[in-house]
Structure formats: structure tokens, C-alpha cells
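Here is the structure we will look at.
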Amino acid sequence: MNDTTRAARLGALVSRYGIAVAFLLEVLIFVQLTPYFLTADNLLNVSLQASINAIIAAGMTFVILTAGIDLSVGSVVALAGIVAASVCKIDLPFPMNLALGIAAGTAFGAVSGFAAGGIVTRFRITPFIATLALMTVWRGLAFVWTDGRPVWELPQEFAQIGSGRLAGIPVPALIMVLVFVVSHVVLTRTRFGRYVYAVGGNEEAARLAGLSPARILTAVYAVSGTLAAVSGVLLASRMNSGQPNAGIMYELDAIAAVVVGGTSLQGGRGTMIGTIIGALLIAVLRNGLNLLNVSSYLQQVIVGVVIVLATMLDRRRN
């Protein structure tokens with residue numbers, strides 16, 4: 001075996017397993033640095049902290065696989081939480097009020113996604129501009145709807161969705177696992193998943209092969225909006241209120257998790273397994289730095305450096 005072959009194989013191994021190795025190294029480092037990291041309570045706390053961002057990142061993975069981007073998800077989180085909280089306050093018998101609240105919040109996310117997909121495909125506006133505009137519209141509506149004040153005095157049962165536990169595990173963490181299992185199966189075992197990769201790999205070739213990129217793109221933005229809304233409902237439940245300023249910068253955290261997880265910004269390549277590891281890597285990084293009393297400002301710098309390194313690795317792979 002010559003040096004070129006060894007280098008190629010090493011590069012392939014780093015490309016395939018690099019994120020998993022980096023995650024394990026990160027865990028080992030924090031285990032050595034702080035005795036509080038590997039406690040059951042802290043690990044459950046990490047899963048809870050990771051869940052909101054990870055669920056958004058799952059939807060973002062579909063979008064980035066098509067070489068798109070969805071900057072509206074943070075504002076969708078805020079407005080979906082407000083919609084759900086407002087509907088839950090309607091004087092209806094339990095559990096109809098909760099069911100309608102959750103359905104309304106989630107439905108708003110789907111509508112937002114369809115709107116984003118429609119603007120991108122019908123009017124040929126780039127995903128960056130289309131979702132940036134929707135980000136501003138939804139955030140503005142959130143403040144107009146609430147007059148800048150939280151929606152609170154919600155039914156106590158609503159708080160159990162985001163703060164409750166099942167068999168000792170936080171409910172949002174269980175929902176996160178369910179979302180990733182379903183998303184992984186959709187991407188790897190269904191015709192729709194193959195179409196997503198095909199459109200992301202080469203949209204023109206997909207069209208010539210008889211696919212409808214417009215429908216597929218609209219569907220992936222709808223998935224992204226719906227999962228962002230699920231996170232919004234969970235976040236509103238955890239805070240027991242709908243907050244117009246919730247979800248600020250969440251879009252960047254979700255994009256970071258997807259990119260760190262190895263999904264290519266050029267589209268056509270990536271996995272849900274990589275995204276969940278990327279989301280956990282960022283959550284563990286923030287948690288470990290908190291345990292070490294590193295300031296939140298310096299944490300932003302460190303997370304930013306990790307994102308830059310991941311992006312550089314992505315460009316090198318391409």
C-alpha cells in the first residue's frame with residue numbers, strides 16, 4: 001500500500017467517523033476535568049438541553065440536504081409557542097384545550113414551511129432571502145400578537161409536556177429520539193428520502209429523471225417548519241408561557257449542529273445520525289463549559305470556532 005492510498009483511506013475514515021471520534025474525545029475530556037459531568041442528573045440535563053435544538057436541526061437537515069437553508073425556524077419557535085399557548089387558554093374542557101393548542105402551534109409551523117417552500121420554488125427567490133424575510137415577518141407578528149408581553153396563566157397540564165418525565169427521562173428528550181428515528185427511516189428507507197438526496201445532489205439531473213424538485217423542496221421546508229413548531233410548543237411548555245422573544249439565534253444553533261454533524265452545505269450528502277451527534281456535541285460542549293464556569297461570552301467564541309473548523313472540513317471533503 002503506497003502513501004497516497006493510505007492518505008486516501010485515512011481521509012475517508014476521518015470523513016465517515018470524525019464527528020463520532022470528536023464527540024467521544026470531548027466527553028472524555030470533560031470527564032477528566034469535572035467530576036460532575038458523568039452524573040445521571042447532569043446527563044439527563046444535557047439530553048433536555050439538546051432536545052429543542054436537535055429537533056429543529058432534524059428538520060434543518062432535510063433542507064440543507066437540498067442545498068437550501070431555513071433562517072425562519074427561530075421565529076417559528078416563538079410564534080408556534082404563542083399560538084399553542086393562546087389556544088390552550090381558550091375555555092375548553094381538558095384535554096381538548098391541550099390537543100387543540102398543540103395542533104394549532106404545529107400547524108402554524110407547517111404553514112410557515114409551505115410558505116417558505118412556495119416562495120423559493122414559485123418565485124425563484126433564494127432560500128436565504130426567502131427565509132430571512134419570513135424570519136422577520138414571524139418575529140414581528142409574535143410581538144404584534146402579544147403586544148410584546150408573554151402569554152401566561154396557562155393550564156398546569158400544559159407545563160407537563162416540556163417539564164415532565166417518563167420512566168425518569170425528560171419528555172422532550174424522548175420526543176427528540178422519536179423524531180430522529182422517524183427522520184432517519186424517512187431519509188434512508190423511503191422514496192421521498194432518495195428524492196431529497198437526488199435534488200440536493202443535482203437538481204437539474206433530478207428534473208430530467210422525472211422528479212418534481214419544486215414539490216420536494218416545498219415538502220422539506222414544510223418538514224423543517226413543522227419540527228421547529230414542535231420545538232416551539234415544547235419550549236413554551238417548559239417556560240409555561242408563550243414568549244415573543246423565544247428562539248432568537250436558534251436557527252444558527254440548528255445550522256451548526258447539521259454542519260458539525262457532517263451534512264454538506266452543497267447538498268446531497270449527510271445523515272440524521274451525524275446531525276444528532278452534532279447537536280449532542282454542541283450541547284455537551286456548552287454543558288461542560290458551564291460546569292467549568294467558563295463565561296457565556298467565551299462559550300460563544302468556542303462554539304463559533306468549532307463551527308468554522310467543521311465548515312473547513314466540509315469544504316475539504318468537497
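The values are calculated or read from the model by the stated rules, or taken from the named source; none is laboratory data. None of the values given here were measured: they were computed from a predicted structure. As a convention, Cβ positions derive from the backbone with ideal geometry for all residues, glycine included, and neighbour counts pool all protein chains shown. For accessibility, only protein heavy atoms count, side chains too; no ligands or nucleic acids. Shrake-Rupley method; radii C 1.70, N 1.55, O 1.52, S 1.80 Å.
Would you confirm, using the coordinates I've provided, whether VAL77 is in a helix (DSSP H, G or I) and crowded, with 23+ Cβ neighbours inside 10 Å? Break it down stepwise before answering.
Details: in a helix (DSSP H, G or I): yes; crowded, with 23+ Cβ neighbours inside 10 Å: yes.
The answer is yes for VAL77.
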- Message: If a residue must be touching a residue at least 24 places away in the same chain (Cβ under 8 Å), under 20 Å from GLU204 (Cβ atoms) and more than 19 Å from the chain's Cα centre (by Cα), how many such residues does region 107-133 contain?
- Response: 3
- Message: Take LEU178 and tell me if it is in contact (Cβ under 8 Å) with a residue 40 or more places away in the chain and either within 21 Å of the chain's Cα centre (by Cα) or in a helix (DSSP H, G or I) (or both).
- Response: no
- Those residues of region 138-172 which are β-branched (Val, Ile, Thr), surrounded by 15 or more Cβ atoms within 10 Å (Cβ to Cβ) and not in a strand (DSSP E or B) amount to THR146, ILE161, VAL171
- Message: Which pairs turn up if I take residues in region 276-299 that are under 22 Å from PRO35 (Cβ atoms) and small (Gly, Ala, Ser) and look for partners that are in a helix (DSSP H, G or I) and open to solvent by 60 Å² or more (accessible area, probe 1.4 Å) with beta carbon separation below 8 Å, at least 6 apart in sequence or on another chain?
- Response: ALA283/GLN49; GLY288/ILE29; GLY288/LEU33
- Is there a residue in region 187-203 that is more than 22 Å from the chain's Cα centre (by Cα) and among the basic types (Lys, Arg)? yes
- Item | Among the residues listed as ALA159, ALA142, the single one being modelled with pLDDT of 95 or more and more than 17 Å from the chain's Cα centre (by Cα) | ALA142
- Item | VAL151 aliphatic (A, V, I, L, M) and in contact with a strand residue (DSSP E or B) (Cβ under 6 Å, 6 or more places away or on another chain) | yes
- Of the residues in region 41-74, those that are surrounded by fewer than 24 Cβ atoms within 10 Å (Cβ to Cβ) and outside any helix (DSSP H, G or I) come to ALA67, ILE69, LEU71
- Task: Please indicate, with yes or no, whether at least one residue in region 296-316 is touching a Gly at 6+ places or on another chain (Cβ under 8 Å), within 28 Å of PHE158 (Cα to Cα), open to solvent by 30 Å² or more (accessible area, probe 1.4 Å) and hydrophobic (A, V, I, L, M, F, W, C).
- Result: no
- Message: Could you list, ordered by first residue, the pairs with Cβ atoms under 7 Å in which the first is in region 94-106 and open to solvent by less than 60 Å² (accessible area, probe 1.4 Å) and the second is assigned to a helix (DSSP H, G or I) and of a type in the set (Asp, Glu), at least 6 apart or interchain?
- Response: LEU98/GLU157
